[in-house]
1. Condition test on ILE72, is it in a strand (DSSP E or B) and touching a Ser or Thr at 6+ places or on another chain (Cβ under 8 Å)?
2. Considering each of ARG93, ARG71 in turn, give the residue that is open to solvent by 90 Å² or more (accessible area, probe 1.4 Å) and either of a type outside the set (Phe, Trp, Tyr) or at pLDDT 95 or above (or both).
3. Among the numbered criteria (1) over 15 Å from HIS138 (Cα atoms); (2) touching a residue at least 24 places away in the same chain (Cβ under 8 Å); (3) open to solvent by less than 40 Å² (accessible area, probe 1.4 Å), which one does ALA111 miss?
4. Is there any pair linking a residue in the range 76-101 that is farther than 17 Å from ILE37 by Cβ to one that is in a strand (DSSP E or B) and open to solvent by 60 Å² or more (accessible area, probe 1.4 Å), with Cβ under 6 Å and at least six apart or on different chains, and which?
5. Go through the range 114-141 and count every residue that is part of a loop (DSSP other than H, G, I, E, B) and either within 18 Å of ASN62 (Cα to Cα) or in contact (Cβ under 8 Å) with a residue 40 or more places away in the chain (or both).
Amino acid sequence: MADGRVCLALLVAALALAGAVLGSADRPRLVGAPETISNLDNDEGLQRALQFAMAEYNKASNDMYSSRVVRIISAKRQVVAGIKYIMKVEIARTTCQKPATDLQSCAFPDAPQMAKHAICNFVVYSVPWLNKIELLEHRCQ
């Protein structure tokens, strides 16, 4: 009976310690782990990576119209031997035929039969100091 109480007390103490460690808000970040980008519209690196991803997407697409970003759903940055941007975005077809030079000025079509939306996941690898950028993966649904 006493052994059971000791085991129970140790278990409660271990769980309390684990909760305190895991629940700590001010613990240091894991180096190299992806971190959420909170200011999506003002992050220059993210915007460059997204612009590059959309240019690559439009080049590879068989659609005669260019697509552009409607909204950024989420974005993360991971420091590797450069910076990896992991983005989830909603894109849509525009009224501009390919190749469009300024996608931001391209409007979305009013006609429902022309509208085409997709949710895409892009991973862009950037090494700014070497002027290197590459689309590692993209999946759209």
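The values are calculated or read from the model by the stated rules, or taken from the named source; none is laboratory data. Bear in mind that the values here come from a model prediction, so they are computed numbers and not experimental data. Here the Cβ is made from the backbone with ideal geometry for all residues, glycine too, and neighbour counts use every protein chain on show. Surface accessibility is based on the protein's heavy atoms, side chains included, excluding ligands, DNA and RNA. Shrake-Rupley method; radii C 1.70, N 1.55, O 1.52, S 1.80 Å.
1. Against the criterion (in a strand (DSSP E or B) and touching a Ser or Thr at 6+ places or on another chain (Cβ under 8 Å)), ILE72 does not qualify.
2. On the way: ARG93 fails: open to solvent by 90 Å² or more (accessible area, probe 1.4 Å).
Result: ARG71 is the single residue among ARG93, ARG71 that is open to solvent by 90 Å² or more (accessible area, probe 1.4 Å) and either of a type outside the set (Phe, Trp, Tyr) or at pLDDT 95 or above (or both).
3. (2)
4. Matching pairs, first to second residue: ALA92/VAL70; ALA92/HIS117.
5. Within the range 114-141, residues that are part of a loop (DSSP other than H, G, I, E, B) and either within 18 Å of ASN62 (Cα to Cα) or in contact (Cβ under 8 Å) with a residue 40 or more places away in the chain (or both) number 4.
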